[in-house]
Each structure stands twice: as structure tokens, then as C-alpha cells.
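Contents: one structure, followed by commentary.
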Amino acid sequence: MNFNEILQKLCSITSISGNEHNLIKLIKNLTPPTFSTKVDNLYNLIAINKNKSKTENNVLILSAVDEPGLIINKIEQDGSLKFKTIGKINPIALIGSVVQLENTKGIIGQKPIHLQNKDEKNSTPKITDLFIDIGLNNITETDKVVQIGELATFENKFINFGDNFLNSKSINSKIGSAILVKLINSNSDLDFNCAFLTKNQISTASATVTTSEINPNITIILNSIDEINCKEITSNQEETKPHFIINCNPQTKKTLFLLALNIAKKENFKFITKIDSKIEKIEQAITKTNKGVNNLTISIPCRQENSSCSNVSLTHLEETFKFVKELISNLNKIKVE
Amino acid sequence: MDLKENLISLCKLEKVSGDETNCAKILKNLLKPYSENVLITNNNSVIAKIQHKNNLPEIILTAHLDEIGFMVSEITKEGYLKLKNCGGISTNIANFQKVTVLGKEKLTGFTFFDDKTKTLLADVGLTKEKIENLVQLGDRVAFEFNPIFLNDQKFCSKSLDDCAGIVTILLAIEKLNKLKLNCKLTTIFSSQEEISGNGVKVSSYFCNAEIAVCVDVSFAKHLYCEDENFAEMMKGPLIGISPILDSNLSEHLKIIAKKNKIPYQLEIMNGLTSTDADKIVKTKKGIKTCLLSIPIRYMHSPIEQVAFKDIENTAKLIAEFIKSI
């Protein structure tokens, strides 16, 4: 399976935090028999490598499968729907978009520019200022079609565009899992375990629980980073943009970070490092598990995260996949102290 | 004429102000069954003369065919296209949208706003070198949006401003087709309304009309946009009342609506109308003008929304108005 096929499958199923079971089922069906699978109480999918070989480190690769979405919390008298966001969505990404509810579609509009005052033109609206219009005229009509508590997601089709770019709603939330799916299907003799995490948009519970279950000494976290808002990428003057980012924060084990760095340089990958004093919540949660775990986060650049038009370069995915394979291979041979 | 089918196909066309050629050709073909003489002006307006074989008074029916969009102002070293607005578009609406870049070939792109340079950019997924072979500065960029029906009553699409007006006039012409009228009709589908109004102004010189009916869209109420002056959806067209419009014509429209039980609302304006009506009025010796507007939500966005009932009632009112002359 190539990345185009894998992502088309993953993006075809909506997986808003707390409602990932259909996607987990799909990924379970994509897992080869060389891994034994288990779906835990939080619907995380844990895949354990059956072909144990002598490996210097117990490696766990993690990626989240959930995407952000909307939950309806009120029906207004005129039939409009008020909502809250599940996970992080920029309110601007919602304006002018089409959303899919269970039985109907809706649009999220805004006051026309002609009617906006100076403050409204220049400011980011709040989620509480937005609403979904499903084209009905009053609360009585809407009540028959929509329930309070119902979920809504961006409506968008998966498309290829430009030179090897893929576009789909919230594709950024599926790219880590896509790399993981390809890894477990790569018929290599690499020794690693993996977990597809649910509820990551709202909690670190899944990361804690799966790490606790598998008890690795090293976890590699695969996630996305918004290229446009990452100054390490935007200030990069080179013609070819980096395919992935190796992250380092005060908690990152120096030996692990240097190992990754040296592999990336030796194999001539196009990458950059991101040094940050901020420690992501997922890393904080994992580190405290069991007797302590060393983490490394690899981020794949994408654009317009968590919107109806998120996109990612296929080349980024291919190169990150090759790098992670190389990294696991080295981690199987070199003990990280 | 299938209202829904025509509305969908017209809305999907790219016709950003100043680059309406393709749309003008299609509209010329749509008008040919009704008109003995259809022409496209130098600035892409379409003029059709209907039942012009007599000395009866001439009435203009006009709507604008251009849509808001963007122009490419620069190709950055990363291969992004810097965009400038053609027409009024808010940055919030323009961000996170799918667009079509109209270069040597059509390219799909996605917009994003660069906070550092405060510019709107489009990403087409190509390198600068590849883009430079396909896109020129000044090329237009249009919103790309697949029209949708909302619960059968309402329709959402880009460029309902003013495809709704165009389809309304086409519906009205169909109702009047082969009837013996006491006037001759000239349909003007004008270009460049969103940027200057020059399309209708120039087109009016091809006519000798004393009366004009301008059809456009106007604000409808929705949550957080509930000014008492705004229209209700599904309650019929807005008849414009303004010092620049002819009060007798506006009054006549009200009488015709009441007589034919066509629901209508009033749009009270205390100055200019911000439509092509303001331009037609001062053409040649001056033309008595009235304005009918279709209620629309989320104007100047890719998700503009109208109700089919409102389009049908507006077309009915125009047809009855013409029959009453």
C-alpha cells in the first residue's frame, strides 16, 4: 500500500475525539498477522510485535488517530445550531466551511464584510460568535433533524494536487498513523511495538495507559506540525523544505536526540531540529509512566492544520517513513543509556 | 428552464471581475432562444434585444455576471501566490478556502493568511519555477465551491451574488416568451459590478431605454445579523425604496405584487443602493430605475445562501410588471 491509498482509507472515516472506534476497526484490519492486536478500554489499538528478536531497547511508536470536531450544544429559535469545539480548531478555519452532521449538512457563515465594523474586520471571532445554518427556518423544524450532543465535522473530499500533495479535512491528524500503518506492513525485521491513540485532542489518558501497558524504555511519537506557523521552517532559507523535524526539549534524552540527529545527517535526510523549552503534555504524561520513559517526537510538516483544507506533501511522508525505519533499526542495535 | 440546474452550472463558472469572457459566451448562448440579437461588449457585458421589431418603449432588465475573487500580485520564492482582492472580501472568509487559479491551465490551490506579511497567499503545491510557466501576475483566482442544497429549500454556493439575479431574469424572460408585449426588452448581464459598475454603464449606451429594472441580492437576517432593515428569507423579493430610484416605479411594483399575491418586502435606503442601479440612473439622459433584490445570507463568501422560493417569486413579479406596461 502506498501513502496515497493508506491516507485515503484513513481520511474516509471521521474520528472525532471520543468517537474513533470505526477508524480503530479499520486500522486493526490493516494490521498484518506479524503483530498481535488489542483494543483497550479507551479504544486505543495496541499492536505487539510477535517476532521478537534480540533488541537493545524496547521501542514503542505512538501516533494519535483522533481529529477535532464540533458538538452541538443548543438549537436557537431561528433554527441555527450553536456548538463547542472538540480539540483545537481555529475559529477562522470554520468560517465559510460546510459541515456534515448525522442527517444533514450545514454551513458556518459570518456577517457580510459590508456590515462589519473595523473591530470585526480585524479580529478573530470567538467560537461562541459562530453558528451552523442547516437551511431550516425555526427550532421546531430543526428539532426533527438534529439532536443536542450530535457531532459535526468538516465536509471535504480527499484530493491530490500540485506536485505530490494530498488534501483532506484534518489530514494532519492522520499522517502519523499513516506512517505507522506503513511501518507495520513493511515486512521488515524491525522490532518495535506501536499504539494508535484515541482522545489525544483532549487528553493524555491514552498515551499514559498504552505506555503503562507496554512498558517501553523508548517511545517515538509521530505527529504533525503546522508549517506556516513554525518559525524554524519559515525562516529556513534553503530551497527544499525539510521533510521532518526532530524535536528537542529539556526532557529529551541527549543520547537519544543525538542518535536521531546523526542518523538523519548520515543518511542525508532533509530535516531541521526544533529546540523548545516547552514540553508537550503527551511527553510529560509518558515520561512519568512506570519507571520513566525516554521520548522523542518526530513532526511532519503540514499546512492548514485542523481545517477543511489541510494538506501534506507525499514526499514528506515517504522521507519520514524511511528515517523512522532507520531510527528503529539503530535502536534495535544500540542501547540508549 | 430548470432553475436548479441553471443556477448550479452558472454558479460553478469562474467569472472574477474583469475576466468574465467565458461566462459571457455561455450566457450569450442561453439568451439566443429568446433574442434576435445578442452581443458581448468590449468589457464582457452581454446585451440581448428581445421583441425589438417595433417602436414601443424599451425596458432594461439587468443583473451582473461577475463575481468577487482575487488577482495574483506576486509569486513568492516558496512558490506561493500573493493575492489581492477583486471586490470586497473579508480576510477571515478568504482564509482556509479552496480556490482555482486561472493561469495557462486551471490549478487547484488553498488559501492561507501570512501573519508576518499580512498577506493572503494561495498554495498550489508547486515550486516557483513550475508556477512561473503556468501563472502570470494579474491572473484571476476564483473560489472553488461545490454548490449544496440545504434541506431542499435553500441553496448555497459561491457567486449567488449575482447568479441569483441572472437566473431570475432568465426565468422571467421564459415566462414572457412568445407573449405579445407592449414594450421591447433589453437584457443586460453586466460585467465589473463588484469593482466599478462600468459594465452596466457602458452597456446602457447600446440602448434607448426610459425604464430599467435592476435585479441584485440584499442582506437577509441570520443569527447575530438581525437588523430590522434586513430581509427575511422565503418572504419574497425586496422592492428598493431610495431617493436615487424612481418612486413611481417602486410603487407600481408594490401594486403589481399585491394584485398577483406575490409576497414582497421593502428595502429602505436613504441614499445610493450600492448596485448597478446607481450607475444606470445617470446614463445618457437618465433612466428611471427600480431595484428588486433577492434575500441572501453570507454575501461575499463562498457559502452565499438563497431560497428557491424567493427567486421564483422575484421572476414572477418581473414578468407581471412587464405585462402590466
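The values are calculated or read from the model by the stated rules, or taken from the named source; none is laboratory data. From a predicted model like this one, the values you see are computed outputs, not experimental measurements. Every residue, glycine as well, gets a Cβ built from its backbone with ideal geometry; the counts of neighbours run over all protein chains shown. Side chains included, ligands, DNA and RNA excluded: accessible areas come from the protein's heavy atoms. Shrake-Rupley method; radii C 1.70, N 1.55, O 1.52, S 1.80 Å.
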Checklist entry - Taking the simple approach of a point 7 Å from Cα along Cα-to-Cβ for both A:ASP163 and A:THR128, what is their distance in nm? => result 4.7 nm
Item to check | Label-reachable residues, segment B:1-27, where backbone N falls under 19 Å from a point 7 Å from B:LYS106's Cα toward its Cβ | outcome: B:5-27
Checklist entry - Under a 1.4 Å probe, what is the accessible area of segment B:131-194 per residue, stated in Å²? => result 32 Å²
Checklist entry - What dipole magnitude, in Debye to the nearest 20, does segment A:8-97 give about its Cα centre under +1 on Lys/Arg Cβ and -1 on Asp/Glu Cβ? => result 380 debye
Item to check | Residues A:ASN138 and A:ASN2, FRET efficiency given R0 of 56 Å [Cβ-Cβ distance, rounded to 0.05] | outcome: 0.70
Item to check | Pair A:ASN262, A:LYS291: separation of 7 Å Cα→Cβ label points (nm) | outcome: 2.5 nm
Checklist entry - Per-residue accessible area for A:MET1 at 1.4 Å probe radius, Å² rounded to 10? => result 100 Å²
Next on the checklist: Compute, for chain A, the length of the dipole vector about the Cα centre, with Cβ point charges of +1 (Lys, Arg) and -1 (Asp, Glu) only. Units Debye, rounded to 20.
Outcome noted: 840 debye
Checklist entry - Of A:SER186, A:SER307, A:GLY135, which is farthest on the positive side of the dipole of chain A, counting Cα position, with +1 on Lys and Arg Cβ, -1 on Asp and Glu Cβ, and the Cα centre as origin? => result A:SER186
Checklist entry - Going by alpha carbons, how many degrees (0 to 90, nearest 10) lie between the helix axis of B:3-12 and the longest principal axis of chain B? => result 40 degrees
Checklist outcome for this item: The FRET efficiency for A:ILE148 and B:ASP114, from their Cβ-Cβ distance with R0 = 35 Å and rounded to 0.05, is 0.35
Item to check | GluC sites (Glu not before Pro) within segment A:83-181: DSSP coil, no more than 16 neighbouring Cβ in 10 Å | outcome: A:GLU102
Checklist outcome for this item: Residues of segment A:240-262 that bury at least 20 Å² of accessible area, probe 1.4 Å, when all protein chains are present rather than the chain alone, are A:LYS241
Item to check | Qualifying trypsin sites (Lys or Arg not before Pro) in segment B:127-216, DSSP loop, other Cβ atoms within 10 Å at most 12 | outcome: B:LYS178, B:LYS180
Next on the checklist: Counting heavy atoms of the protein chains only and a 1.4 Å probe, report the per residue accessible area for segment A:105-245 as a whole number of Å².
Outcome noted: 40 Å²
Checklist outcome for this item: Diffing segment A:151-165: the Karplus 3J(HN,Hα) column from phi (6.51, -1.76, 1.60, θ = phi - 60°), in whole Hz with x for Gly and Pro, holds 9, 9, 9, 4, 9, 6, 9, 6, 9, 9, 8, x, 8, 6, 10
Item to check | Extreme residue, positive dipole direction of the protein assembly as shown, given options B:CYS207, B:PHE112, B:LEU185 (C-beta unit charges) | outcome: B:PHE112
Checklist entry - How much of B:ILE322 can a 1.4 Å solvent probe reach, expressed as accessible area in Å² and rounded to 10? => result 0 Å²
Next on the checklist: What's the magnitude of the charge dipole for segment B:220-325 around its Cα centre, counting Lys and Arg as +1 and Asp and Glu as -1 at the beta-carbon? Answer in Debye, nearest 20.
Outcome noted: 540 debye
Checklist entry - Under a 1.4 angstrom probe, counting protein chains only, how are B:LEU121, B:LEU137 ranked by accessible area, largest first? => result B:LEU137, B:LEU121
Next on the checklist: If you take each beta carbon of peptide A:92-100 and count the beta carbons of other chains within 10 angstrom, what is the mean?
Outcome noted: 5
Item to check | Nearest-10 value in Å² for the accessible area of A:TYR43, using the 1.4 Å probe | outcome: 110 Å²
Checklist entry - Over segment B:29-156, what percent of the accessible surface lies on carbon and sulfur atoms, probe 1.4 Å? => result 47 percent
Item to check | R0 of 22 Å, Cβ-Cβ distance B:SER9-B:GLU312: FRET efficiency to nearest 0.05 | outcome: 0.75
Checklist entry - Carbon and sulfur atoms: what percent of the 1.4 Å accessible area of chain A do they account for? => result 47 percent
Next on the checklist: Just to confirm, what accessible area per residue do you get for segment B:207-325 at 1.4 Å probe, in whole Å²?
Outcome noted: 39 Å²
Checklist outcome for this item: Probe 1.4 Å, protein heavy atoms only: A and B together bury a total accessible area in Å², to the nearest 100, of 4100 Å²
